[in-house]
Amino acid sequence: MPASAPHWPAPTAERPVDAEVALPGSKSMTNRALVLAALSETPATVRRPLRSRDTRLMADALRSLGAQVHEDGEDWSVSPATLRGPVHLDVGNAGTVMRFVPPLAALADGDVRFDGDPRARERPVGPLLEALRALGADIDDGGRGALPMTVHGTGSLRGGRVELDASGSSQFISALLLSGARFTEGVEVRHAGPPVPSQPHLDMTVEMLREAGVQVDTSEPDVWRVAPGAVKTEAVTVEPDLSNAAPFLAAALVTGGRVTVRDWPRRTTQPGDALRDLFTRMGGEAVFTDAGLEFRGTGTVRGITADLRAVGELTPTVAAVAALADSPSRLTGIAHLRRHETDRIAALVREVNRLGGDAEELPDGLVVRPRPLHGGLFHSYEDHRMATSGAVIGLAVPGVEVEDIATTGKTLPDFPELWAGVLA
Ligand SMILES: O=C(O)C1=C[C@@H](OP(=O)(O)O)[C@@H](O)[C@H](O)C1
Ligand SMILES: C=C(OP(=O)(O)O)C(=O)O
């Protein structure tokens with residue numbers, strides 16, 4: 001962010017919101033679709049993709065490796081090609097790029113160097129790199145288990161059986177599965193360790209692989225087997241990003257208003273679908289309509305005790321609502337958030353308390369005891385979900401300013417405009 005960028009005055013809601021919003025596509029589905037398309041035997045169209053920093057970084061990485069990725073109106077068309085280096089890839093701070101692309105790099109012919117934002121060097125990739133080595137890859141990470149690193153691709157990877165601890169990120173497993181069909185022996189991934197977070201994202205990986213004709217066996221807990229074979233992706237339609245629906249549903253909840261998120265799928269693997277239940281427990285009401293999902297606040301905002309391990313990326317918004325509730329909240333199961341875009345547990349506690357709140361860190365989560373809040377600067381830590389959480393608090397607390405609102409461009413470039421539209 002340029003040092004001179006002004007802080008963003010978060011609009012205060014003067015009345016209950018009453019709006020309909022069309023959200024851009026899911027980051028997680030877009031980046032999976034792009035990876036599968038690049039590995040596919042057939043050209044593919046990715047319909048209604050998200051175009052944001054994280055998905056452009058993925059598209060650029062795949063282009064650099066040789067795939068053709070064209071903007072085709074609203075869609076992305078992808079023509080696979082033989083993957084090759086030498087190439088230098090920028091992962092930004094996109095977990096999906098820093099984890100999903102190294103297995104492709106191992107399948108490429110030539111050296112593939114990975115680096116990214118300073119924070120990307122602090123995010124875990126070690127267990128994934130160890131697993132790739134066990135499957136036959138040659139990777140030079142200077143012994144750090146972190147970026148920067150070089151994958152010395154040889155054009156193929158043996159694959160086979162591997163055990164790893166994926167408690168730090170579900171993306172280690174998704175990464176191995178997404179490319180696994182193209183490994184000579186396929187892949188059998190076994191998790192050993194504390195529970196893997198983000199189960200819906202693993203379900204999303206498995207479902208999208210099966211849609212691409214890949215055989216995936218999930219019959220044994222914590223074991224995933226991908227049979228070797230062709231990937232056949234022709235068209236993928238990306239759903240609206242339900243995790244990015246969180247601040248908009250929160251706006252209905254905290255203002256006692258109403259927001260319809262258009263085209264909310266009736267069935268989905270996206271973790272954001274859990275918002276229907278979480279925010280209902282916090283006092284709102286969710287109903288499906290012909291337009292999508294209508295979410296209503298009732299004037300009451302309750303605290304919640306919830307294990308968010310499966311849906312960790314919803315935590316910043318849930319914590320923001322918790323700071324405005326009428327009773328305490330306890331959010332647990334999310335130790336892995338300490339290595340997300342920022343240490344989200346520390347950041348949320350610091351920012352809520354800076355505005356006069358009473359939040360406290362737990363080893364694996366946080367407690368939020370509501371207190372009257374006052375205005376002030378809400379730091380965003382280059383974290384899109386911290387920035388939108390500041391906006392949620394600002395709805396109810398006059399004088400909140402959010403630092404670096406442009407950081408929402410990681411997954412939701414039009415956030416300020418969409419937010420203004422909901423408040424209009
Ligand atoms: O696979 C994915 O698309 C994601 C998995 C999750 O990662 P972790 O399991 O590392 O939390 C999630 O938080 C991230 O935003 C997206
Ligand atoms: C954790 C997140 O992103 P990433 O894909 O970079 O891990 C997130 O979007 O909340």
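The values are calculated or read from the model by the stated rules, or taken from the named source; none is laboratory data. This one's a predicted model, so the numbers in the text were calculated from it and none came from an experiment. Please note: Cβ atoms are built from the backbone with ideal geometry, for glycine as well, and neighbour counts cover all protein chains shown. These accessible areas exclude ligands, DNA and RNA; they are computed on the full protein's heavy atoms, side chains included. Shrake-Rupley method; radii C 1.70, N 1.55, O 1.52, S 1.80 Å.
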In the stretch 34-43, is there at least one residue being out of contact with any Lys or Arg (no Cβ under 9 Å at 6 or more places or on another chain), closer than 22 Å to residue 250 by Cβ, touching a residue at least 40 places away in the same chain (Cβ under 8 Å) and not hydroxyl-bearing (Ser, Thr, Tyr)?
-> no
Answer yes or no as to whether residue 67 is more than 16 Å from ligand 1 (Cβ to nearest atom) and modelled with pLDDT under 95.
-> no
Pick from 72, 54: which is charged (D, E, K, R) and either in contact with an Asp or Glu (Cβ under 8 Å, 6 or more places away or on another chain) or over 17 Å from residue 234 (Cβ atoms) (or both)?
-> 54
Qualifying positions in the stretch 198-229 - at positive phi and within 16 Å of ligand 2 (Cβ to nearest atom) = 198
Evaluation of residue 244 against (1) under 30 Å from residue 18 (Cα atoms); (2) outside any loop (DSSP other than H, G, I, E, B); (3) of a type outside the set (Gly, Ala, Ser) (one fails), failing number | (2)
When the stretch 167-184 is examined, which residues are found to be within 16 Å of ligand 2 (Cβ to nearest atom) and of a type in the set (S, T, N, Q)?
-> 167, 169, 170, 171, 174
Collect the residues in the stretch 110-132 that are in contact with a strand residue (DSSP E or B) (Cβ under 7 Å, 6 or more places away or on another chain) and either over 22 Å from residue 227 (Cβ atoms) or of a type in the set (Gly, Ala, Ser) (or both), keeping them in residue-number order.
-> 110, 111, 112, 113, 114, 115, 116, 127, 129, 130, 131
Being within 16 Å of ligand 2 (Cβ to nearest atom), outside any helix (DSSP H, G or I), open to solvent by less than 10 Å² (accessible area, probe 1.4 Å) and not polar (S, T, N, Q) is the filter here, so list the residues in the stretch 374-393 that pass it.
-> 383
Which one of the conditions (1) under 18 Å from residue 352 (Cβ atoms); (2) of a type in the set (A, V, I, L, M, F, W, C); (3) buried (at least 19 other Cβ atoms within 10 Å of the Cβ) does residue 415 fail to meet, given that it meets all the rest?
-> (1)
Strands (runs of 3 or more DSSP E) within the stretch 26-83 that include 3 or more residues open to solvent by less than 10 Å² (accessible area, probe 1.4 Å) | none
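For every residue, the table says whether it meets (1) closer than 18 Å to residue 27 by Cα; (2) modelled with pLDDT of 95 or more; (3) open to solvent by 30 Å² or more (accessible area, probe 1.4 Å).
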residue	(1), (2), (3)
339	no, yes, yes
343	no, yes, yes
403	no, yes, yes
406	yes, yes, yes
410	yes, yes, no
The correct count of residues that are within 16 Å of ligand 2 (Cβ to nearest atom) and either modelled with pLDDT under 95 or open to solvent by 10 Å² or more (accessible area, probe 1.4 Å) (or both) in the stretch 185-197 is 1
How about the stretch 300-366: which strands (runs of 3 or more DSSP E) wholly inside it have at least 1 residues that are in contact (Cβ under 8 Å) with a residue 24 or more places away in the chain and out of contact with any helix residue (DSSP H, G or I) (no Cβ under 8 Å at 6 or more places or on another chain)?
-> 305-307, 329-332
Within the stretch 257-295, count every residue that is in a loop (DSSP other than H, G, I, E, B) and either of a type in the set (A, V, I, L, M) or open to solvent by 30 Å² or more (accessible area, probe 1.4 Å) (or both).
-> 7
Mind telling me which of the residues 252, 274, 286 ends up being under 15 Å from residue 19 (Cβ atoms) and among the hydrophobic types (A, V, I, L, M, F, W, C)?
-> 252
Enumeration of residues in the stretch 104-116 that are open to solvent by less than 10 Å² (accessible area, probe 1.4 Å) and within 16 Å of ligand 2 (Cβ to nearest atom) = 114
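This table checks each residue for (1) of a type outside the set (Ser, Thr, Tyr); (2) within 15 Å of ligand 1 (Cβ to nearest atom).
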| position | (1), (2) |
| --- | --- |
| 156 | no, no |
| 161 | yes, no |
| 165 | yes, yes |
| 172 | yes, yes |
| 185 | yes, no |
| 198 | no, yes |
